[in-house]
Amino acid sequence: MRPTASGSQGSLARGATSNCFLNVSQGRVARMQFDSYGCGVTIAVCSVLTEMVEGRTKQECHSIQPDDVALALDGIPPHKVDTAHFAILALKN
């Protein structure tokens, strides 16, 4: 896939990074891929986010909230909720 947009968040020094690569066609996300370094929850969050954004407009993607991601995963451990926020920031960057 040749991305038409990308975003990243985090640093290895802090222990986690997420990079999002999007293919946008006719104003909608046709496909999203990611690479991520971090815990299993970070990877799961990024994975479900790929499913959530496909077919959405930029405005619709920006409306996704961490609670939406947590709901799609049937919950996130309380001490890992920031991973959803982190992945959404990578998407929006």
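Among the charged types (D, E, K, R) and either buried (at least 17 other Cβ atoms within 10 Å of the Cβ) or touching a residue at least 24 places away in the same chain (Cβ under 8 Å) (or both), is that true of R56? It would help to see each step written out before you state the result.
Details: among the charged types (D, E, K, R): yes; either buried (at least 17 other Cβ atoms within 10 Å of the Cβ) or touching a residue at least 24 places away in the same chain (Cβ under 8 Å) (or both): yes.
Against the criterion (among the charged types (D, E, K, R) and either buried (at least 17 other Cβ atoms within 10 Å of the Cβ) or touching a residue at least 24 places away in the same chain (Cβ under 8 Å) (or both)), R56 qualifies.
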Return yes or no: is I76 touching a Lys or Arg at 6+ places or on another chain (Cβ under 9 Å), at negative phi and among the aliphatic types (A, V, I, L, M)?
-> no
Pairs, first on the phi > 0 side of the Ramachandran plot in segment 17-28, second in a strand (DSSP E or B), C-beta under 9 Å, six or more apart | G27/T57
So which residues in segment 33-53 are within 16 Å of G7 (Cα to Cα), open to solvent by 40 Å² or more (accessible area, probe 1.4 Å) and either outside any strand (DSSP E or B) or of a type in the set (A, V, I, L, M) (or both), if there are any at all?
-> I43, S47
Within segment 1-14, which residues are at pLDDT below 85 and assigned to a strand (DSSP E or B)?
-> G10, S11
If a residue has to be open to solvent by less than 60 Å² (accessible area, probe 1.4 Å), part of a loop (DSSP other than H, G, I, E, B) and either hydroxyl-bearing (S, T, Y) or within 18 Å of R56 (Cβ to Cβ) (or both) to count, how many in segment 15-32 make the cut?
-> 1
Close pairs (8 angstrom Cβ cut-off, 6 or more residues apart or separate chains): farther than 15 Å from V53 by Cα and open to solvent by less than 50 Å² (accessible area, probe 1.4 Å) in segment 64-93, among the β-branched types (V, I, T) and not in a helix (DSSP H, G or I) anywhere = T83/I76
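The values are calculated or read from the model by the stated rules, or taken from the named source; none is laboratory data. Keep in mind that this is a model prediction, so the values were computed, not measured. Reconstructed Cβ throughout: ideal geometry from the backbone, glycine too, with neighbour counts over all protein chains shown. Ligands, DNA and RNA are stripped out before the accessible areas are found, and what is left, the full protein with its side chains, is counted by its heavy atoms. Shrake-Rupley method; radii C 1.70, N 1.55, O 1.52, S 1.80 Å.
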